[in-house]
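Heads up, the thing below is written out as structure tokens.
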Amino acid sequence: MPGPIRSKGDYEPHSAWDDLASALIVFAVFAWEFVVLLLIDPFLFRDENDPAAPIWHHAITAAGWALGAALLSRSAARVGVFTDRTNAAPTGSVTTRTLVAVAAASAAVLIRAAAFGEFKIGAEIADIISDSGNLAPLGITALLAYYVAEAALIVLVILFGQRAGEKQFGRRAAPWGGIVLAGTWGIMHIFLQGPAGGAYAIVAAVLYGLIVTYGPRRVTAAGTIAAAAFII
């Protein structure tokens, strides 16, 4: 979370390339899931059909991501990312910004539902209830923690990427953070989920970037909207 409010001159200097590097460091935290998948899951569970396996996978991955997000949020606060976003000059009128943010959030949810024939969180909760039996409450809790932690990292990539783009190119209205997210997290999904899943992730990344760019100036509010669009 952001630290005490300071004057802009008190923040550590950060160039556009520093911000881009910070965005890439946040993206690197996503690799924790591969560590869990390749090293921890096989150690804990010999039987991949064990109903407790996905629960522990989600919980351990969420814990690592949450720790990374917390540490990198402190770094973001030190260099003024949160304050810069809160104090950023509005991109257009309030009505325009609201319409863009709402349209982007709606598109992120509805395009996925149309493409995959389901709402993500609803379908996954239904699978957990079907497969986990008495462990379903724990499974749902772990899944929600997993997605909330992932959403926190997504928002941090967007924030650092947005400021990097604005510093380097100006044009505050462009969703620079979404473009950086699309070029990292989005492209990663091509290898994880195939061309269709990757294409959606790339489009969704830009939409999340639009939510943060045009949404409320307060980072917590804009981040919550982007997180909700991602999780639903």
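Taking the stretch 105-142 and a reference point 7 angstrom along Cα→Cβ of Ile232, the backbone N atoms nearer than 18 Å belong to 105-126. To put it simply, the accessible area of the chain at a 1.4 Å probe is 69 percent carbon and sulfur. Across the stretch 1-126, the fraction of Cα-Cα pairs farther apart than 23 Å, rounded to a whole number, is 60%. Sorting the segments 128-139, 214-225 by their mean number of nearby beta carbons within 10 angstrom, highest to lowest, gives 214-225, 128-139. Accessible surface for the chain, divided over its residues, is 50 Å² per residue with a 1.4 Å probe. Between the Cα long axis of helix 219-231 and the first principal axis of the chain there is an angle of about 30°, rounded to the nearest 10. GNM remark for the chain: springs join alpha carbons under 10 Å apart, and the peak mean-square fluctuation among Thr95, Thr213, Thr61 falls on Thr95.
Between Ile25 and Ser93, take the C-beta separation as r, use R0 = 30 Å, and let me know the FRET efficiency to the nearest 0.05.
About 0.30, to the nearest 0.05.
Packing-based ranking of 76-82, 49-55 yields 76-82, 49-55, ordered from highest to lowest mean Cβ neighbour count within 10 Å. Reducing the stretch 45-64 and the stretch 173-219 to their Cα centroids gives an inter-centroid distance of 27 Å.
The values are calculated or read from the model by the stated rules, or taken from the named source; none is laboratory data. Please read these numbers as outputs of a predicted model, since none were measured by experiment. So basically every Cβ, Gly included, is an ideal-geometry build from the backbone, and we count neighbours across all protein chains shown. Protein only, heavy atoms only, side chains kept; ligands, DNA and RNA dropped before computing areas. Shrake-Rupley method; radii C 1.70, N 1.55, O 1.52, S 1.80 Å.
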